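Every number here is computed from the coordinates shown, using simple stated rules; none is lab data. As the structure is a prediction and not an experimental result, all values here were calculated from the model. So basically every Cβ, Gly included, is an ideal-geometry build from the backbone, and we count neighbours across all protein chains shown.
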Amino acid sequence: MKTLEQTVAQHREEWAERSRAQQQLEIENNEAVAKLYGLEDEVSSHVPLERVSLTNNSAFRWPNKTPEQRDVLFTESSILDLISYAVGCMFGRYSLDVPGLVLADQGSTLQDYLVKVPSPSFSPDVDNVIPFVDDGWFEDDIVERFRKFLRTAFGAEHFEANLRFVEESLGVKTIRDYFISKFNPSGRSIAKSKFYDDHLQRYKKRPIYWMFSSPKGSFNALIYLHRYTQSTVSTVLNEYLREYRAKLEIALSHAEEAAAGGASAKDQKEADQLRAVLAELRDYEHDVLYPLATEQIEIDLDDGVKVNYPKFYPAVRTVKGLETADG
């Protein structure tokens, strides 16, 4: 089996060939029209590759870049497409085993998926909730699921090389940094997801995956809109947020024991950070997620994301343009 790097290189060359072939067709078309009107000597029939408007024509997409820069950008774009597809497979929107959309209707279930894909090589998430948290607190979080997808889709033989290629193409140290990373504006530690930024851009701020997120992003969980049910928020609360809090409380207990025994400044700082995160999560649960779960909100996909998304504020990440149902 080819490595992912080899596969992307082949994909890039195939699109380059298609773009050159389309360029030639457009030139021939111009020549035919010019000949028909007797303008061969007056009108140029040449079509620059930069004007051949194919989606994956690198010259058209990045006309002001060098060929080398275009190759880098094409590779990054391909990896972003792959990750978006991978997350789709995680939720059952797509499948490695059949082409096209699988689950894309309101209220779609795992059983609906299994009717169409009885023996999936890569199974979708059972409860339609995938946690995005730091440090791998969940065995089935987004990072572990992506690693499994990469092994399944491209084989275990080149897994480590493929993962490094993904990370290098995205310009991140680890794949977890792409899905969830921390930064400190004005001294406040906040977690953000580059993946979700890219998802919002891909779907023009009408996301099909919704990110439940605490105020500073210490807890995040992704759901697929088309598999949403009235119990989905309760699942986020009971199976993920509360479980995460419980794990952090155990970690804090250990950190406090270490501090009491004369721990280092680093250990004390870790304990302080855990207390701050737990305070954030308690407020998020008590003031936001629990009240929302009790509402058991109904949605109608025919109303669109613009109407439905604001119903879940402030439990979900703020999206500019979706602050209210009126946008």
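Peptides 72-79, 48-55 ordered by packing proxy, namely the average of other Cβ atoms within 10 Å per residue, highest first: 72-79, 48-55.
Rounded to the nearest 20, the Cβ-based charge dipole of region 47-126 about its Cα centre (Lys and Arg +1, Asp and Glu -1) stands at 240 debye.
Ignoring everything except DSSP H segments at least 4 long, calculate the 222 nm mean residue ellipticity for the chain; use -39,500 (n - 2.57) per segment, divide by total residues, nearest 500. Walk me through the numbers before you get to the answer.
Details: 13 runs with 160 residues, N = 327.
The helix contribution divided over the chain gives -15500 deg cm²/dmol.
Matching the structure-derived mean projected area of the Cα convex hull in nm² against the labelled list [x] 19.9; [y] 16.1; [z] 23.0 gives the label [z].
Each Lys or Arg adds one and each Asp or Glu takes one away; over the other residues whose Cβ falls under 12 Å from the Cβ of F165, this sums to -3.
Taking a point 7 Å out from the Cα of R202 in the direction of its Cβ, the residues of region 64-95 whose backbone N falls within less than 14 Å of it are 76-95. For the residue pairs K148/K269; K65/K306; K148/K194; K192/K311; K2/K216; K65/K204, the alpha carbons lie more than 32 Å apart in K148/K269; K65/K306; K2/K216.
With the contact rule set at Cα under 8 Å and sequence spacing of 6 or more, what percent relative contact order holds for region 85-155?
Details: 69 pairs, mean separation 20.6, N = 71.
Taking the mean separation of contacting Cα pairs over the length of region 85-155, I get 29 percent.
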